[in-house]
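What follows is calculated from the coordinates using simple rules that are stated; it is not laboratory data. Just so we're clear, the structure is a prediction, and the values are computed from it rather than from any experiment. Backbone-built Cβ (ideal geometry, glycine too); neighbour counts: all protein chains shown.
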């Protein structure tokens with residue numbers, strides 16, 4: 001019975017012009033999306049490779065220079081692109097791509113692509129994730145809305161009943177028939193992406209396991225939609241009604257809920273304004289040591305402390321340059337201030353993510369979105385991880401520079417310049433994103449919510465269709 | 001008869017449910033707009049109070065050294081948010097509406113963004129413009145797809161054709177019930193929005209309302225055109241939904257991808273890097289050369305000569321100026337490209353009512369890219385004004401007390417938000433609607 005139902009449904013689907021057309025459109029869109037994204041990807045990667053290389057070259061060839069001048073001159077940390085960002089671009093467009101690393105100051109990532117775009121960009125981009133997250137569920141709605149209603153409308157419903165068909169068998173047959181095309185499209189897309197990615201040079205480390213994990217997330221997501229659409233089709237009396245209701249579900253889950261979530265998250269746990277943030281940083285900074293200012297209270301305190309530690313009574317007698325030492329201590333204090341203030345931001349961000357999660361109860365779209373971005377290393381969490389890594393590198397760089405001055409000069413000495421080959425000794429910035437296990441662990445609640453959606457929607461479908 | 005048609009229509013549960021859903025989403029979207037406006041308002045109030053205390057504190061600390069004082073003092077420049085922005089948030093969640101700048105090098109400060117969760121930006125805002133542009137067409141489709149086919153499918157069409165003098169008149173009456181209902185919903189939402197968001201009844205608001213009514217008319221005409229082909233309900237629903245999908249999701253995404261690829265902006269990064277080089281390499285270059293370049297730009301300050309011994313503010317600010325001058329070319333190129341992008345967007349979107357409406361809303365509400373660019377330009381002018389005021393004072397080594405600080409309150413930019421002749425927004429929509437109407441008439445003649 002199940003096999004027969006599947007066969008019949010698939011035959012009907014392919015006989016139907018709309019299905020052929022929609023499959024064609026979806027495949028075409030996916031092709032175009034992959035093509036556009038891979039082109040964009042290659043361009044961006046080239047730009048980055050070039051910027052990174054030239055930036056490091058500038059750093060290495062600064063010539064003889066005072067290390068603290070170099071610290072102010074600064075350097076950039078570039079956020080690398082990861083292979084799976086080809087499939088899901090996540091928040092990359094909005095998050096900024098390079099962080100300026102300089103003395104005394106932690107900066108935000110700058111130059112997000114979105115700030116240069118017009119209001120049209122809010123209509124969405126033609127990227128694989130857009131198709132996978134928005135269009136595929138719609139595709140399921142269009143294929144499945146009349147799965148049961150057509151039987152009623154054509155009168156085959158009573159035929160089935162009188163043939164003594166068991167409800168769950170028919171439902172399962174219909175389910176598989178609806179899911180098969182989706183499965184085929186998704187698998188072929190991901191396979192294609194996998195082959196493209198593993199053959200491209202300089203594409204970072206590509207892992208099939210991540211791709212498979214991503215594929216599974218999407219399949220769970222589609223299973224939820226398949227269940228809901230079939231359930232609606234069973235519940236509704238006419239095809240028109242079924243279409244309208246399924247479509248409303250799609251609108252609420254994919255369009256309205258994510259937008260509402262963003263506004264609610266922002267309203268309930270707002271980020272401080274730039275000005276507030278700067279004022280807080282300044283206040284905390286002033287409460288401690290300023291590396292450039294030998295006269296403030298903290299500097300005097302440090303002076304006494306260091307003198308006592310080394311058992312000498314003048315800064316000139318120290319084995320290192322106290323000015324540079326103080327500069328380093330000031331740097332450490334500032335780093336602490338930024339650590340504290342950014343932690344507050346991070347807390348707000350985590351609370352906002354909590355809001356998203358609670359709205360995920362209304363929308364299976366949200367957990368799927370978060371998981372997909374997480375696996376692709378294009379989510380906000382990875383961005384935070386990157387910006388923390390850049391900050392650690394900044395702190396290490398400052399120490400490297402200040403220590404050089406402290407070791408090689410005497411207190412009160414001015415105009416010191418480090419030798420031209422000194423700069424090369426600074427290790428280059430290198431960032432590794434969290435591995436798949438870690439990502440899944442961090443997203444465990446999203447996994448749970450998506451799993452819950454899947455299980456509950458299956459239960460809903462099979463219980464309500466016990467009697468057809 | 002009219003009353004009966006109304007009752008018959010409203011008896012459908014699907015109709016009632018979708019009406020409730022759209023009203024609910026509409027009201028939520030207005031609430032979100034309200035939230036957005038009050039956040040912006042709070043931020044601006046904060047700027048007002050902060051600037052005063054900020055200046056007072058720094059003047060007290062550094063009044064003997066104006067050069068040093070100006071190193072620290074920030075002046076706020078505010079892009080005031082219109083009330084309409086609550087209806088169409090547009091790009092204003094991406095772009096900061098307050099710039100706080102010192103008279104130092106401008107390029108490094110101009111692109112500072114607000115602190116935001118990029119996830120929120122990516123999801124976008126549920127503002128009324130979204131409800132209007134995306135959801136109203138769906139509602140119209142739901143209301144009209146079986147306008148004619150339900151009669152044929154339930155067998156009442158024959159009855160109708162026998163009993164009424166004109167079939168098309170009957171259909172139009174049926175349609176007008178739906179039109180009235182949707183316009184009523186639209187009217188309710190705009191009234192609520194006007195009251196909640198305290199939108200002034202100015203030309204811009206009128207234009208928004210007018211454009212929305214036209215947009216709804218366009219969709220009704222489109223739907224009426226399709227249903228006149230007398231296909232069955234399922235086919236109509238699918239065809240209309242596909243049109244919706246193509247117009248609202250696929251074409252905009254495609255056009256957007258095209259524009260981004262056609263007008264790439266790699267200059268952003270190079271602008272920043274050249275700006276940094278322009279400024280930082282000057283620490284180690286010949287001071288006289290730096291000053292010479294500065295006087296080439298501002299000959300009026302030549303009297304301050306070439307002080308090159310040790311550190312002095314004339315040279316320091318000359319060096320800051322170099323950073324801007326060196327990146328001026330890149331900045332210009334970047335701006336030009338963004339301008340081109342905006343122009344191309346507008347031209348292309350004129351063919352798509354929904355895209356046109358979004359851009360028109362953003363512009364009327366002052367939340368478009370263009371308006372942000374002119375805000376950035378105005379920031380440049382503001383910065384220049386400050387520079388020209390403070391440069392001579394610094395170079396003359398005046399004391400901080402010689403300046404009347406009370407006049408440095410946050411300044412507001414009001415560019416491009418006045419009522420201009422905004423009628424041009426109407427044409428593309430009017431033409432599209434007209435074409436659809438024409439189509440309806442032609443096909444109506446053929447079929448009946």
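Once you've got the GNM for chain B with C-alpha springs shorter than 10 Å, pick whichever of B:150, B:56, B:303 has the biggest mean-square fluctuation.
B:303
Pick from B:37, B:147, B:68 the residue whose mean-square fluctuation is largest in a GNM of chain B, springs joining Cα atoms under 10 Å.
Comparing B:37, B:147, B:68 in a Gaussian network model of chain B, the most mobile one is B:68.
Can you compute the modelled spin-label distance between residue A:392 and residue B:242, with each label point 7 Å from Cα toward Cβ, in nm?
In this crude spin-label approximation the distance works out to 5.4 nm.
Going by C-beta contacts inside 10 Å, put A:138, A:160 in order with the fewest on the left.
Sorted ascending by nearby Cβ count, the order is A:160, A:138.
Given the DSSP H assignment, sum -39500 (n - 2.57) over each helix run of at least 4 residues in the protein assembly as shown and divide by its residue total; what's the result at 222 nm in deg cm²/dmol, nearest 500?
About -22500 deg cm²/dmol.
Rounded to the nearest 0.05, what FRET efficiency do residue B:38 and residue B:381 give with R0 = 22 Å and r taken as the Cβ-Cβ distance? Could you check?
0.15
Please compute the average number of Cβ atoms from other chains found within 10 Å of each residue's Cβ in peptide B:23-32.
Shielding by partners across B:23-32 averages 3.
Compute the distance in nm between two label points, each set 7 Å from the Cα along the Cα-to-Cβ direction, one at residue A:163 and one at residue B:109.
The two pseudo-label positions are separated by 7.8 nm.
Along the Cα-to-Cβ line of residue B:65, 7 Å from the Cα, sits a label point; which residues in the range B:385-404 have backbone N less than 15 Å from it?
B:394-395, B:397-400
Which FRET efficiency, nearest 0.05, do residue A:28 and residue B:24 yield, Cβ-Cβ r, R0 41 Å?
0.70
Take every residue in peptide A:265-278, count the Cβ atoms of other chains within 10 Å of its Cβ, and give the average of those counts.
Across A:265-278, the average partner-chain Cβ count within 10 Å equals 6.
Once you have the Cα-Cα distance between residue A:448 and residue A:307, take 0.36 nm times their residue separation minus that, and quote the gain in nm to one decimal.
That pair, residue A:448 and residue A:307, stretches by 45.0 nm at full extension.
Relative contact order of the range A:2-464, please, whole-number percent, based on alpha carbon pairs below 8 angstrom and at least 6 residues apart.
Answer for the range A:2-464 is 25 percent.
Can you figure out the FRET efficiency of residue B:153 with residue A:20, using R₀ = 30 Å and their beta-carbon distance, to the nearest 0.05?
It comes to 0.75.
Test of understanding: ordering A:295, A:168 by Cβ neighbours within 10 Å, fewest first, what list do you get?
If I rank by nearby Cβ atoms, fewest first, I get A:295, A:168.
Using label points projected 7 Å from each Cα along Cα→Cβ, tell me how many nm separate residue B:427 and residue A:343, to one decimal.
So the two model labels end up 6.0 nm from each other.
Stretch residue B:57-residue B:340 to full length: gain in nm at 0.36 nm per residue minus the Cα-Cα span?
Gain on extension, residue B:57 to residue B:340, equals 97.5 nm.
Just want the ordering: B:401, A:60, from fewest to most Cβ atoms lying within 10 Å of their own Cβ.
B:401, A:60
Where is the GNM fluctuation largest for chain B (alpha-carbon springs, 10 angstrom cutoff): B:362, B:117, B:256?
The residue that fluctuates most here is B:117.
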